[in-house]
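Remarks on the structure that follows.
Every read-out reported here was derived from the displayed coordinates using simple, explicitly stated rules and does not represent laboratory data. Here the structure is a predicted model, which is why all the values come from computation and not from measurement. Neighbour counts are summed over all protein chains in view; Cβ atoms, including those assigned to glycine, are modelled from backbone coordinates with ideal geometry.
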Amino acid sequence: MKREFRLRRSTDFKRVRRSGKSYAHPLLVLIVLASTDSGVRVGVAAGRSVGSAVERNRAKRRLRACMDGLLPRLTPGWDIILLARKPIVSAKFDSIQAAVSELFNRAGLLITQDGVHGTSQ
RNA sequence: CAGGCUGAUCGGGUGAUCGCGGCUUUGCGCAAGCAAGGCUGAGGAAAGUCCGCACUCCACAGAGCAAGACGCCGGGGAAACUCCCGGGGCGGGGCAACCUGCCGGAUCGGGCCACAGAAACAUACCGCCAGCCUGGUUCUCCCUGCGGGAACCACUGGCAAGGGUGAAAUGGUGGUGUAAGAGACCACCGGUGUCCGCAGUAAUGCGGCAGCCAGGCAACCCCCGUCUGGAGCAAAGCCAAGCAGGAACGAAGCCCUUGUGGCUGGGAGGCUGCUCGCUUCCGCAAGUUCCGGGUAGGCUGCAUGAGCGGAUUGGCAACAAACCGCCUAGAGAGAUGAUCGCCUCCUGCUGAAUCGUCCUUUGGAUACCCCUGCAGGGACAGAAUGCGGCUUAUAGAUCAGCCUGAGCC
RNA sequence: CGGGGCGUGGCUCAGCCCGGCUAGAGCACACGGUUCGGGACCGUGAGGUCGGCGGUUCAAAUCCGCCCGCCCCGA
């Protein structure tokens, strides 16, 4: 995942986490907020509750890997945060990918196969 | 062969596809940038942040006190250390190899030592012995008296042998001795030492002598010796952007030659714990404190270093010297991931075959190694200014040396 | 990077400074009493590796060292 598509500023994180809409799953939490920018920016976070430094970094890397395939299929104009939860450490990659897809579907940010926006919430 | 001890090394390898950070080359473009390629990209502990440094900023007459750290001895190593090396001493553990110790001082002084016990550090509760100057009670004798004797209690004095306890009662055994006793004395043993001699640089050891009087805790205060400026890469420097100030505290006299003067006194800051002392500033301010406002960006610091590898020499070693070769992460919500193989190691299951063994012997059953296949597992753990140590976590593998026990030759 | 604090029955805390005594208090829990029954009340009782491992000491929740977990503060 290229750096230019990432959410990097600390203030951006604060803004999205305070004002964004969140969607929860046992493995992770998705938070989205409409932005003035035309592109999509994604931030990945793992708190102390996830585990040691190794486990936190690994969780963030796997979440970024999930985004690789999904990034071109997302509706532009959103800031997104993926928040790792504890069970992600022992989860298989397939189930993480399924969880991420499901959450984006629920948020209505996925462009469907025929190019029409998914159902907006 | 079994068990153990010590030291050292390693910490899975390799390939494909899709992706990431850094550097760089080429092409295109005025430029921002885009595309393609190449190189490179976590550890032995990167961890805990417990020490020591480098580096940066602040401070830098000095003295005293306080506070903190360290603590067997004498060498060596290292930039330095409370670290490391090899040697020695003492205490503890182990049959041994070996491991381990915050290992200075208990006559400077203070404090504490629960329960039990007479008593917890120097005494005397019970007790033992003596005395009759003294008193009381009881018994007894005959010379019937303010008489003698005996026992007990009190009293006075001596003693510390014996006494249930306790972690600890400072000597033990045997003898001499005595009114009773006691290191009071003797022999042996054990312990102690501002003592003497010898050995040793020293810690200390051995012997003598003295004396047995005075236990433990300084990881309680303390004493002795040595050492110690403060802060930390969010240090620090530069650039850009942006804002709004306000309040409180603080406030003297004299002289004449009226000044940017002198004297005395005062206020504030610094010496980053305090005091003295020194020093700088101040004249209606200096400065301190509080409230409020702005910023939360970029670059440098930032990786050629007490660097890594190799063989040589010196050294028991830690390590050092010179030689050759190498350049080896620099992120900033923080770069190594995902998927699929192959090999390798371990564990379990399965199948086949051979030797052997057993049985109810044209047959059947079966352990280990090896081989086939399948499944599972491969630790602890992620650089954030750098380095040297310490501590802690760590599946498993390999090598070398040593110790104990058993068997065989 | 630097500094500080906490960990004790199920919960909230004492005790630690200056070592020893049955580790104590409140709530909660169990049983019994009281009541027609419940609550309240009374009585009795159970429940503790004092975060872990070492060390000092005759003796450690307490003193010392190293770890583990949690929380807070400053730049």
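With each label point set 7 Å from Cα along the Cα-Cβ vector, what nm distance links A:ARG61 and A:LYS14?
A separation of 3.1 nm, rounded to one decimal place.
Evaluate the relative contact order of the stretch A:10-107 (contact order divided by residue number), counting alpha-carbon pairs under 8 angstrom at least 6 apart; express in whole percent. Intermediate values should be presented prior to the final figure.
On the way: 146 pairs, mean separation 38.9, N = 98.
Once divided by the residue count of the stretch A:10-107, the mean separation gives 40 percent.
Among residues other than A:LEU109 whose Cβ falls under 14 Å from its Cβ, what is the net charge (Lys/Arg +1, Asp/Glu -1)? Don't skip to the answer; put the middle values down first.
Values: positive: A:LYS21, A:ARG41, A:ARG73, A:ARG106; negative: A:ASP79, A:GLU102.
Here the charged neighbours net out to +2.
Positive end of the charge dipole of the stretch A:10-107 (Lys, Arg +1 and Asp, Glu -1 on Cβ, about the Cα centre): tell me which of A:LEU30, A:ALA99, A:ILE88 has its Cα farthest that way.
Projecting each Cα onto the dipole axis, the largest value belongs to A:ILE88.
Work out, step by step, the length gained on full extension between A:ALA24 and A:SER52: first 0.36 nm times the residue separation, then minus their alpha carbon distance; give nm to one decimal.
Here the segment from A:ALA24 to A:SER52 would lengthen by 7.8 nm.
In what sequence do A:LYS60, A:LYS86 fall when counting other Cβ within 10 Å, fewest first?
Values: A:LYS60 18, A:LYS86 15.
By the 10 Å Cβ count, ascending, the order reads A:LYS86, A:LYS60.
If we count other beta carbons within 10 Å of each Cβ, what is the order of A:PHE13, A:PHE93, fewest first? Walk me through the numbers on the way to the answer.
Numbers: A:PHE13 16, A:PHE93 10.
So the residues, fewest neighbours to most, are A:PHE93, A:PHE13.
Quote the Stokes-Einstein diffusion coefficient, in whole µm² s⁻¹, for the stretch A:10-107, based on the Kirkwood radius over alpha carbon pairs, a temperature of 20 °C and a viscosity of 1.002 mPa s.
The estimated diffusion coefficient comes to 158 µm²/s.
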